[in-house]
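Enquirer: Before anything else, here's the structure in question.
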Amino acid sequence: MPKFIIKGGNILSGEITVGGAKNSALKIIPAAILSKEPITITNLPNIEDVDRSLEVLTDLGAEVMREKDSVIINTSKINKNELSHSMANKFRGSIMFVGPMLARFGEVTFPHPGGCVIGAGGRPIDLFLDGYKAYGAEITEEAGYCYKIKAKKLKPANFFFPLVSVTATESMMMTAVIIPGTTILKNCAMEPEIEALANYLNSQGADIKGAGTPTIIIEGKDKIKANKFIVIPDRIETGSFAIMAAAANADLKITHCNPEHVMALLKIFEKIGVNFSTGPDWIQIKPSSSPLKPHDIKTHEYPGFATDLQSPYVILMTQAHGTSLIHESIYDRRLLWTDMLSQMGANIVMCDPHRIVVQGPTKLYGKRLVSPDLRAGIALVIAALIANGQTEIDNIYQIDRGYEKLDERLRLIGADINRVE
Ligand code: EPZ
């Protein structure tokens, strides 16, 4: 199993480029099923989850021609309506194939999706199933934790999400694009990736209004054309690198990003004394002589503080001078990784599964660790970069899922990090 070997304490400086957003690419790729014409996607991040998503498409019979950071996808020859179990249960993004397959072929069989084990009961999909039922589909549970969904004819729906869900919003929005009639979705998620998906589908002839607001209205069509899509910058990679620079008191310019998409973090940076400035597509972090101040956070749906930045933020608070409360309101298990951080010397008290109190500043010491999930993985890398001594991080597939060539990019800004097979 490959692992990272990191020696902490190096001064980090220079420039780092943000890649295309994982959580946008993982929706655009399945959306290619909605059109029979070939589509081109560029600024595609070269990460494991994108590889998995393209593998699922190829397995279904689509033609996938990939070059560096772009891919041409032709789904006209798809000849299967069952998602491969071994592929689909590796990542959460596999659920995004279900809606387009149902809309185009009227039937789809798929396993419960995989992904980070951070939610209760292995990332539920009840909102998706309720949504497909609202479109007139019938669902049967098959052996092996698998579902078959069928619909003679899908109908438009008026659906209220009882819980704000990013992928459930995206799935129902893209599915309605080729269900003739007016679909109204309420209490939708508002993440930038949802607006990017809607803009892309509208450029193909879809009629989606309200993406990025709680109410989305879709006028379904018989079919949509094809077009070229440029994946938006990854806001979570942006935030992860900004927090890394702040924690390491680095002189780092983060380029090819959109500062507007990490405003909740930047507002906190102002409060805690991080020395930063921004431009249209960059964030510059500079070393600061004043100590970091603690600041409580509660994770929230966009545009609030992103749950995906909670783990890196905890590292920052171990270096703040005082006490901070971290409230993870979205997921039930997303703070369990902090036990490993305590082993590195952090002073953390877990009040309940959703809240921890962090006391800083504390010295961190290198340890042998295992990355439990994608975002805890990047947090452990940040901890290792500022720790005394050497850290080994195992199971770095979890990090490669969302951060392209992380070790190569960090070496370029001065980090002592190596990948050992
Ligand atoms: C997306 O996951 C992202 N993944 C996650 O990023 C991100 O943490 C999350 O949105 C929240 O921002 C992708 O886009 C591929 P949710 P998603 O549905 O859509 C519950 C990363 O690190 N829920 O908004 O799965 C769920 O358990 C990943 O890049 C149901 O109960 O998250 C959670 O508590 C991690 N039933 C809450 O809703 C459902 O049917 C919000 O989850 C669906 C979700």
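Enquirer: Which condition number does residue 103 fail, the rest of (1) near the ligand (Cβ under 9 Å from one of its atoms); (2) touching a helix residue (DSSP H, G or I) at 6+ places or on another chain (Cβ under 9 Å); (3) under 25 Å from residue 187 (Cβ atoms) being met?
Expert: Here residue 103 meets the rest and fails (1).
Enquirer: Okay, moving on. If you scan segment 12-52, which residues turn out to be of a type outside the set (Ser, Thr, Tyr), farther than 18 Å from residue 379 by Cα and more than 19 Å from the chain's Cα centre (by Cα)?
Expert: Of everything in segment 12-52, those that are of a type outside the set (Ser, Thr, Tyr), farther than 18 Å from residue 379 by Cα and more than 19 Å from the chain's Cα centre (by Cα) turn out to be 14, 15, 32, 33, 34, 36, 37, 38, 39.
Enquirer: Within segment 322-367, how many residues turn out to be touching a Leu at 6+ places or on another chain (Cβ under 6 Å) and among the hydroxyl-bearing types (Ser, Thr, Tyr)?
Expert: 0
Enquirer: (1) within 21 Å of residue 251 (Cα to Cα); (2) more than 11 Å from the ligand (Cβ to nearest atom): which one isn't true of residue 309, the others all being true?
Expert: The single condition residue 309 does not satisfy is (2).
Enquirer: Can you find a residue in segment 35-52 that is more than 16 Å from the ligand (Cβ to nearest atom) and either free of Cβ contacts under 8 Å to residues at least 24 places away in the same chain or under 30 Å from residue 160 (Cβ atoms) (or both)?
Expert: yes
Rundown of residues vs (1) of a type outside the set (D, E, K, R); (2) within 19 Å of residue 7 (Cβ to Cβ); (3) crowded, with 16+ Cβ neighbours inside 10 Å, yes/no style:
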site: 359; (1), (2), (3): yes, no, yes
site: 363; (1), (2), (3): no, yes, no
site: 377; (1), (2), (3): yes, yes, yes
site: 386; (1), (2), (3): yes, yes, yes
site: 390; (1), (2), (3): yes, yes, no
site: 414; (1), (2), (3): yes, yes, yes
site: 418; (1), (2), (3): yes, yes, no
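Enquirer: Can you pull out every residue in segment 13-34 that is in contact with a strand residue (DSSP E or B) (Cβ under 6 Å, 6 or more places away or on another chain), away from the ligand (no atom under 14 Å from the Cβ) and closer than 13 Å to residue 57 by Cβ?
Expert: 32
Enquirer: Say whether the condition of being crowded, with 20+ Cβ neighbours inside 10 Å, in the same structural domain as residue 172 (by TED's automatic domain parsing) and not hydrophobic (A, V, I, L, M, F, W, C) is met by at least one residue in segment 63-72. Outline the logic, then answer.
Expert: From segment 63-72, those crowded, with 20+ Cβ neighbours inside 10 Å are 71; that's our starting set.
Then drop every residue that is not in the same structural domain as residue 172 (by TED's automatic domain parsing), which leaves 71.
If we keep only those that are not hydrophobic (A, V, I, L, M, F, W, C) too, we end up with none.
Within segment 63-72, none of the residues are crowded, with 20+ Cβ neighbours inside 10 Å, in the same structural domain as residue 172 (by TED's automatic domain parsing) and not hydrophobic (A, V, I, L, M, F, W, C).
Enquirer: Would you check if there is a residue in segment 101-109 being of a type in the set (S, T, N, Q) and farther than 20 Å from residue 231 by Cα? It would help to see each step written out before you state the result.
Expert: Filtering segment 101-109 for residues of a type in the set (S, T, N, Q) gives 109.
Checking the rest, the ones that are also farther than 20 Å from residue 231 by Cα come to 109.
Scanning segment 101-109 turns up at least one residue that is of a type in the set (S, T, N, Q) and farther than 20 Å from residue 231 by Cα.
Enquirer: Would you mind listing the strands (runs of 3 or more DSSP E) fully within segment 1-84 where at least 3 residues are at pLDDT below 95?
Expert: Values: elements: 3-7, 13-17, 39-42, 63-67, 70-74.
Answer list for segment 1-84: none.
Enquirer: Here's another thing I want to ask about it. In this structure, is residue 261 surrounded by fewer than 21 Cβ atoms within 10 Å (Cβ to Cβ), out of contact with any His (no Cβ under 9 Å at 6 or more places or on another chain) and not aliphatic (A, V, I, L, M)?
Expert: On the way: surrounded by fewer than 21 Cβ atoms within 10 Å (Cβ to Cβ): no; out of contact with any His (no Cβ under 9 Å at 6 or more places or on another chain): yes; not aliphatic (A, V, I, L, M): yes.
Taking the combined requirement at face value, the residue does not satisfy it.
Enquirer: When both residues are 6+ apart or on different chains and their Cβ atoms are under 7 Å apart, which pairs have a first residue that lies in segment 137-164 and is of a type in the set (D, E, K, R), and a second that is within 16 Å of the ligand (Cβ to nearest atom)?
Expert: Filtered contacts from segment 137-164: 141/147; 150/137; 155/135.
Enquirer: While we're on this one: Taking the condition in contact with a Ser or Thr (Cβ under 7 Å, 6 or more places away or on another chain) and either among the charged types (D, E, K, R) or over 22 Å from residue 231 (Cα atoms) (or both), does residue 137 pass?
Expert: Numbers: in contact with a Ser or Thr (Cβ under 7 Å, 6 or more places away or on another chain): no; either among the charged types (D, E, K, R) or over 22 Å from residue 231 (Cα atoms) (or both): yes.
For residue 137, the condition - in contact with a Ser or Thr (Cβ under 7 Å, 6 or more places away or on another chain) and either among the charged types (D, E, K, R) or over 22 Å from residue 231 (Cα atoms) (or both) - is not met.
Enquirer: Sticking with this structure for a sec: If you take the residues in segment 195-234 that are within 22 Å of the chain's Cα centre (by Cα), more than 22 Å from residue 38 (Cα to Cα) and among the aliphatic types (A, V, I, L, M), which one is surrounded by the fewest Cβ atoms within 10 Å (Cβ to Cβ)?
Expert: Step by step, filter segment 195-234, then rank; the result is 216.
The values are calculated or read from the model by the stated rules, or taken from the named source; none is laboratory data. Computed from a predicted model, the values in this text were never measured in an experiment. When we count neighbours, we look across all protein chains shown, and the Cβ atoms used for this are built from the backbone with ideal geometry, even at glycine.
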